[in-house]
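The values are calculated or read from the model by the stated rules, or taken from the named source; none is laboratory data. Here the structure is a predicted model, which is why all the values come from computation and not from measurement. Note: ideal-geometry Cβ built from the backbone for every residue, glycine included; neighbour counts use all protein chains shown. Each accessible area value is taken on the protein alone, full model and side chains, heavy atoms only, with ligands, DNA and RNA left out. Shrake-Rupley method; radii C 1.70, N 1.55, O 1.52, S 1.80 Å.
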Amino acid sequence: MNPLTVISGKGPVILGQPHSGVFVPDEIMARLNARGRTLADTDWHVDRLYDGLLPDATIVRADFHRYVIDANRDPSGASLYPGQNTTGLVPLTDFDGEAIWDAPPTDEEIERRRMDFHAVYHLTLAAEIDRARDAHGVAVLYDCHSIRSQIPYLFDGTLPDLNIGTNNGATCAKAIEEAVADVCVASEFSYVVNGRFRGGWTTRHYGDPAHGVHAIQMEIAQSAYLESEAAPFTYSDAKAEKLRATLKQILERIEQLALDGHLNGAGDD
């Protein structure tokens with residue numbers, strides 16, 4: 001199986017989708033325990049949520065599940081949030097801190113997965129970013145994520161609906177961060193900028209505003225578009241319709257900033 005889906009668009013925006021895939025090779029699935037085989041930590045239906053919102057966007061989607069290997073983690077295994085609970089390059093626990101493997105992978109197995117899945121995803125994503133920047137002088141990586149709104153193992157309380165991450169403004173021009181926040185302010189959804197989620201490895205790795213690559217992460221609380229945040233994680237058309245309207249405005253604002261030349265040469269100003 002090809003581990004990726006790539007839809008190459010002609011615009012400057014690239015939608016990264018590292019966690020919506022549910023493919024697990026049989027030999028890996030057999031080593032997960034019953035809890036792990038539920039694949040509960042999927043970014044459920046994120047591909048459907050964003051489908052068609054920005055027709056000229058490029059989409060790079062990992063079809064493999066994060067339990068195979070997490071495409072949004074540092075390939076060295078270094079933690080994004082030192083001192084806080086999180087999951088690793090190949091998670092050993094789920095988001096509730098419970099073990100997911102009957103037979104955890106060895107270091108050699110993790111390295112094979114890194115080459116077969118993680119590296120393929122990022123080589124492809126980097127190539128699409130370069131292609132967009134070559135065409136427009138600038139590229140904007142918008143990294144699409146979702147997560148349960150309440151996970152005590154990872155964070156206190158309840159997440160806002162929309163969680164914007166720019167690593168405290170380092171990964172994109174201020175104009176992008178402000179445009180996204182402005183749309184959120186005018187919406188019915190709660191939001192935060194650089195709260196618990198400040199942008200994962202992908203956002204931090206690629207975001208280089210001084211060289212024409214801007215990156216921003218959107219982490220959506222699944223309560224904003226699912227019928228329930230428990231299995232079977234059913235998509236709610238009614239909830240999603242309202243959320244999609246807001247996400248469409250966000251993506252259109254980002255695209256227009258890039259096309260109008262407002263991001264060329266923009267760093268943190």
With a 1.4 Å probe and all protein chains kept in place, how do Ile14, Ile7 rank by accessible area, largest first? Ile7, Ile14
Among Ser223, Ser149, what's the order by accessible area (1.4 angstrom probe), most exposed first? Ser223, Ser149
Everything considered on the Cα gyration tensor (a ≥ b ≥ c; rounded for a/c under 1.5, else prolate if a/b is larger than b/c, else oblate), the chain must be described as prolate
Evaluate the Debye formula for the stretch 102-243 with equal point scatterers sitting on the alpha carbons, no solvent, and hand back log10 of I(q)/I(0) at q = 0.16, 0.18, 0.20 Å⁻¹, in q order, two decimals. -1.00, -1.13, -1.20
Compactness relative to 2.2 N^0.38 Å, alpha carbon Rg of the stretch 170-227: 1.22
Any chance you could look up the accessible area of Trp101 with a 1.4 Å probe, heavy atoms only, rounded to 10 Å²? 20
With every protein chain left in place, what is the accessible area of His205 in Å² (1.4 Å probe, nearest 10)? 100
Can you classify the stretch 1-66 as rounded, prolate or oblate using the Cα gyration tensor, where a ≥ b ≥ c are the square roots of its eigenvalues, rounded means a/c under 1.5, and otherwise it's prolate if a/b beats b/c and oblate if not? prolate
Summing -39500 (n - 2.57) over every DSSP H run of at least 4 residues in the chain and dividing by its residue count gives a helix-only mean residue ellipticity at 222 nm, to the nearest 500 deg cm²/dmol, of -8500 deg cm²/dmol
For the stretch 163-269, compute Rg over Rh where Rg is the Cα radius of gyration and Rh is the Kirkwood radius from the inverse mean 1/r over Cα pairs. 1.01
Val22 accessible area, 1.4 Å probe, all protein chains in place, Å² to nearest 10: 70
Based on the alpha-carbon gyration tensor of the stretch 1-160, what equivalent-ellipsoid semi-axes (square roots of 5 times the eigenvalues) come out, in whole Å, largest first? 28, 19, 15
Got a sec? What order do Tyr50, Tyr235 fall in by accessible area at 1.4 Å, biggest, i.e. largest, first? Tyr235, Tyr50
Near Gln222, within a Cβ-to-Cβ distance under 13 Å, what is the net charge of the other residues, with Lys and Arg +1 and Asp and Glu -1? -3
Counting only DSSP beta bridges with both partners in the chain, the antiparallel fraction in percent, to the nearest 5, comes to 35
Cross-link partners among lysines for Lys10, C-alpha distance below 20 Å, same-chain residues fewer than 8 apart left out? Lys248
Checked the stretch 117-187 with the C-alpha gyration tensor, a ≥ b ≥ c its square-rooted eigenvalues, rounded below a/c of 1.5, otherwise prolate if a/b is larger than b/c and oblate if not; verdict oblate
For the chain, the longest principal axis of the Cα atoms and the Cα long axis of helix 119-136 enclose an angle in degrees, to the nearest 10, of 10
Report the local net charge at Arg112: Lys and Arg +1, Asp and Glu -1, summed over other residues whose C-beta lies under 14 Å from its C-beta. -3
Rolling a 1.4 Å sphere over the protein heavy atoms, what is the accessible area per residue of the stretch 1-155, to the nearest Å²? 41
More than 19 angstrom separation, counting every C-alpha pair in the stretch 72-173; what % is that? 60
Where does each of 108-117, 166-175 land if you order them by average Cβ count within 10 Å, highest first? 166-175, 108-117
